[in-house]
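The values are calculated or read from the model by the stated rules, or taken from the named source; none is laboratory data. In this text the structure is predicted, and so the values were computed from the model without any measurement. All Cβ positions, glycine included, derive from the backbone under ideal geometry; neighbour counts span all protein chains shown. Accessible surface areas use protein heavy atoms only, side chains included; no ligands, DNA or RNA. Shrake-Rupley method; radii C 1.70, N 1.55, O 1.52, S 1.80 Å.
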Amino acid sequence: QVKLVESGGGLVQPGGSLRLSCSASGNTFSIYRLGWYRQAPGKQREMVATIDLRDDTNYEDSVKGRFTISRDSIKDEVYLQMNALRPEDAAIYFCNALTENLIRGGTDEYWGQGTQITVSP
């Protein structure tokens with residue numbers, strides 16, 4: 001089991017910046033990918049950014065050049081630096097972890113509780 005706890009959400013003006021943090025606990029040794037997803041009202045949850053054990057990153061097209069995902073393997077934390085925020089970035093942001101199930105094989109997926117980002121003047 002892995003527990004994920006996000007922090008850092010809030011209200012920001014368009015063009016502003018926020019930094020989200022996600023702290024992982026439990027069987028963190030089995031994590032092979034961390035990521036951030038978001039879900040706006042009436043929309044499906046979408047991938048924002050992911051980072052794997054080699055620090056290879058992947059971004060949703062609309063956030064490329066504005067958002068940066070990073071991780072601290074010592075602290076078992078993942079971050080999302082969000083710059084030049086737009087109203088359409090407003091959503092609930094969820095931390096995500098993929099882990100290798102060492103007992104039965106395959107992958108397990110874990111989610112944080114989410115943190116609200118509001119972008120408004």
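For a quick check, take a GNM of the chain with Cα springs below 10 Å and name the residue from ASP61, ASP89, ASP52 with the largest mean-square fluctuation.
ASP61
Return the distance in nm (one decimal) between the two label points of a simple spin-label model at PHE29 and ILE74, each offset 7 Å from Cα along Cα→Cβ.
With each label point 7 Å from Cα toward Cβ, the separation is 2.0 nm.
Which value, in Å², gives the accessible area per residue of the range 1-114 when a 1.4 Å probe is used on the protein heavy atoms?
Value for the range 1-114: 55 Å² per residue.
Hey, with R₀ at 30 Å, roughly what FRET efficiency would THR118 and ARG54 work out to, going by the Cβ-Cβ distance, to 0.05?
Given R0 = 30 Å and the Cβ-Cβ separation, E is 0.35.
Stretched out fully, how many nm does the piece from ILE103 to GLN44 gain, at 0.36 nm a residue minus the Cα gap?
Full extension from ILE103 to GLN44 adds 18.1 nm.
Run the reach check for LYS3 against lysines, Cα to Cα strictly under 17 Å, same-chain hits fewer than 8 apart removed. What comes back?
LYS75
HN-Hα J couplings of the range 14-27 from phi, Karplus 6.51/-1.76/1.60, θ = phi - 60°, integer Hz, Gly and Pro as x?
For the range 14-27, the Karplus curve yields x, x, x, 10, 9, 10, 8, 10, 9, 9, 9, 9, x, 7 Hz.
At q = 0.13, 0.17, 0.20, 0.22 Å⁻¹, work out log10 I(q)/I(0) for the range 1-111 with the Debye formula, treating every Cα as an identical point scatterer and leaving solvent out; two decimals please.
Normalising to I(0) and taking log10 leaves -0.47, -0.78, -1.05, -1.23.
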